[in-house]
Structures are given as structure tokens and as C-alpha cells.
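Reading through the C-alpha cells given below for one structure.
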Amino acid sequence: MLIRVGSRGSRLALTQAELVAGHLRAPGIEIALVPITTAGDRDRSKPFGEIGSRGVFVKELEEALLEHRIDVAVHSAKDMTSEDTAGLVVGAYLERDDPRDALVGADALRPGMRIGTASVRRRAQLLAAEPTISVEPLRGNVETRLRKLRERGLDAIVLASCGLDRLGLADEIGARMDPELMLPEAAQGALALQVRAGEEELVARLDHAETRRRVEPERACVALVGAGCLAPVAAYHDGTTLHALIADEDGAWVERRSGDDPIALARELSGVAAVR
């Protein structure tokens with residue numbers, strides 16, 4: 001049996017795809033890795049909102065699944081749209097790695113720093129924590145952003161800890177940012193294996209139940225707020241409680257709520273945003 005595993009073509013994405021392939025390999029099962037270029041990969045200069053809508057790193061992978069050109073799509077779960085695409089399901093989440101954001105180039109936030117990030121979620125929380133910080137747009141793969149940190153003389157950049165860990169670059173991390181300071185993107189740290197509806201058995205044995213228990217409410221909360229991954233919205237389940245926030249892009253205000261019900265939290269946050 002041949003299982004075609006689709007992935008973006010970056011070093012990190014292929015590293016993650018090979019990790020999944022290693023779990024899927026078994027007697028009688030062959031794996032073929034299929035690199036696919038997404039809209040987010042083709043245009044590395046524009047802000048995400050100018051490239052398309054949400055899911056700029058997943059749309060082409062989902063199309064390949066629906067067209068039966070691949071059998072499994074490997075996503076960084078945080079890159080996925082907050083709602084499942086018709087005809088597709090997340091058949092498995094691998095055990096979640098470190099969900100925290102990483103400060104690279106410095107070990108703490110300080111007044112007047114120049115920090116690079118393309119994420120409006122990170123921008124909002126950075127400015128809320130220290131309004132004198134200058135947040136500068138920064139896109140590209142992990143290696144490109146590390147290079148731009150030095151070339152542009154930035155004081156720091158913010159990346160996902162899990163990506164640096166998977167690439168063997170943990171030594172680049174100056175500080176792993178506590179969720180109290182920087183609430184992570186919904187599903188950050190998790191790898192999602194997307195398949196066609198009805199074909200969940202291809203990956204079901206890889207599903208990590210505790211990761212699914214935490215990640216699904218995070219994604220549901222963000223979906224219900226209706227903002228998706230382009231707005232300053234975040235959600236993180238610490239194993240006991242679901243924490244969520246919505247913020248002004250410039251950090252003028254940040255509203256956090258905690259609880260057990262993603263629907264209730266989303267309604268609270270949506271209500272707050274409506275009166276701001």
C-alpha cells in the first residue's frame with residue numbers, strides 16, 4: 001500500500017512530514033513525500049491578508065487531497081483555517097510539542113526594542129506588554145528570518161518554539177515566552193494530519209487523544225469569534241482551563257477570558273470586540 005504524504009516544501013515542513021512518515025511506515029506500507037508550494041510560500045513579502053484570506057499555507061494541500069493527488073496532508077495545525085474544509089477532516093494530531101512562542105536574539109522584552117514578526121497576534125501582545133517596542137514586519141521561513149534578524153540589526157524576533165526545536169535550533173531561543181505574556185496561536189505546537197472524510201483509518205493510530213482534547217477547543221473558540229488566524233485572537237488550553245484573548249492590533253487593549261466552554265468564551269470575546 002502506498003500512502004502519498006503532502007507537505008509544504010520548506011525545510012521545517014519537510015522535517016515535519018518525514019516525522020509523520022516515520023510513524024506511518026510499517027510492513028506493507030510505502031510512503032511517498034509530495035512537496036507542494038502554497039500561496040504563502042510563493043509570496044514572501046506581502047502581509048498574509050494581502051495574499052488571500054486565511055489558510056494561505058494550506059489551501060493547495062487541501063486541493064491536492066480533494067483531487068486525490070495525495071492521501072495525507074501534514075500541517076502545522078496553527079496554519080489551518082479555524083473550521084474544517086468540506087470533505088476533509090483532521091484524522092490525527094501528533095503529540096503536541098512546546099506551544100509557546102520563542103524570543104530569539106534577546107532573553108527578555110525591554111523598552112525601545114526593535115522586534116520582527118509578521119503575526120498580528122504577536123504584534124498586539126508585544127505592544128501591550130511594552131508600548132515603546134517597535135514591531136517590524138518579518139516574513140520568510142525560519143532560516144530566512146534568523147538571517148534577517150542579523151542583517152537588519154533587529155534586537156529580537158519571535159518564532160514558534162516548536163519549529164526551532166524540530167530543526168535542532170533550540171540554542172537560538174533566548175526565552176520561551178510564558179502564555180501569561182504571549183498567549184499562543186490556537187493549536188500551536190501540534191501537527192495535524194488531514195485526510196479525506198471517511199479515510200481516517202489511514203492515520204487514526206497516530207492520534208494523540210490529549211492533544212486533540214486541548215487543540216480542538218482552541219480551534220473552536222477562534223472559529224466562533226469569527227476572526228481566524230489573521231486577527232489578534234489567540235486560544236490556549238493548559239490542560240485544565242481554556243484561555244483566549246482578542247486584542248487591538250496596536251496593543252491599545254487586550255481582553256482575556258478563561259473557562260471551559262469555547263462557545264461561551266467566544267461569545268464573551270465577540271461581545272467585547274463589538275463595543276471597543
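The values are calculated or read from the model by the stated rules, or taken from the named source; none is laboratory data. Predicted model, so just to flag it, every value in this text is computed and none were measured. Positions of Cβ are backbone-derived with ideal geometry, glycine not excepted, and every protein chain shown enters the neighbour counts. When the accessible area is computed, the model is the full protein with side chains, heavy atoms only, and any ligands, DNA or RNA have been set aside. Shrake-Rupley method; radii C 1.70, N 1.55, O 1.52, S 1.80 Å.
Descriptive notes on the structure:
- The set of residues in segment 90-116 that are aliphatic (A, V, I, L, M) and assigned to a loop (DSSP other than H, G, I, E, B) comprises LEU94, ALA106, ALA108, LEU109, MET113.
- Leading residue by the ranking (nearest to ASP171 (Cα to Cα)) among those in segment 63-89 that are open to solvent by 20 Å² or more (accessible area, probe 1.4 Å) and not in a loop (DSSP other than H, G, I, E, B): SER76
- Subset of segment 259-268 (residues that are open to solvent by 50 Å² or more (accessible area, probe 1.4 Å) and touching a helix residue (DSSP H, G or I) at 6+ places or on another chain (Cβ under 9 Å)): ASP260, ASP261, ILE263, ARG267
- Boolean, THR211 is more than 25 Å from PRO137 (Cα to Cα) and without any contact (Cβ under 8 Å) to a residue 24 or more places away in the chain: no
- Among residues of segment 245-258, those that are open to solvent by less than 20 Å² (accessible area, probe 1.4 Å) and either farther than 15 Å from ALA186 by Cα or assigned to a helix (DSSP H, G or I) (or both), counted: 1
- Boolean, ALA264 is among the aliphatic types (A, V, I, L, M) and either under 26 Å from ALA118 (Cβ atoms) or touching a Phe, Trp or Tyr at 6+ places or on another chain (Cβ under 9 Å) (or both): no
- Residue within segment 184-192 that is touching a strand residue (DSSP E or B) at 6+ places or on another chain (Cβ under 8 Å) and not in a loop (DSSP other than H, G, I, E, B) present: yes
- Filter result (touching a Ser or Thr at 6+ places or on another chain (Cβ under 8 Å) and either open to solvent by less than 40 Å² (accessible area, probe 1.4 Å) or farther than 19 Å from ILE173 by Cβ (or both)) within segment 97-135: ASP98, PRO99, ASP101, ALA102, PRO111, GLY112, MET113, ILE115, ARG123, LEU126, VAL135
- Taken as a whole, the condition of being surrounded by 15 or more Cβ atoms within 10 Å (Cβ to Cβ) and modelled with pLDDT of 95 or more applies to ARG145.
- If you go through segment 235-276 and keep only what is among the polar types (S, T, N, Q) and within 17 Å of ALA223 (Cβ to Cβ), you end up with just SER270.
- Scanning segment 190-220 for residues that are among the hydrophobic types (A, V, I, L, M, F, W, C), under 19 Å from ALA235 (Cα atoms) and open to solvent by less than 60 Å² (accessible area, probe 1.4 Å) gives ALA190, LEU191, ALA192, VAL215, ALA220.
- The C-beta contact set for segment 161-174 (first residue in a strand (DSSP E or B), second residue not hydrophobic (A, V, I, L, M, F, W, C), distance under 6 angstrom, 6+ apart or interchain) comprises GLY174/ASP107.
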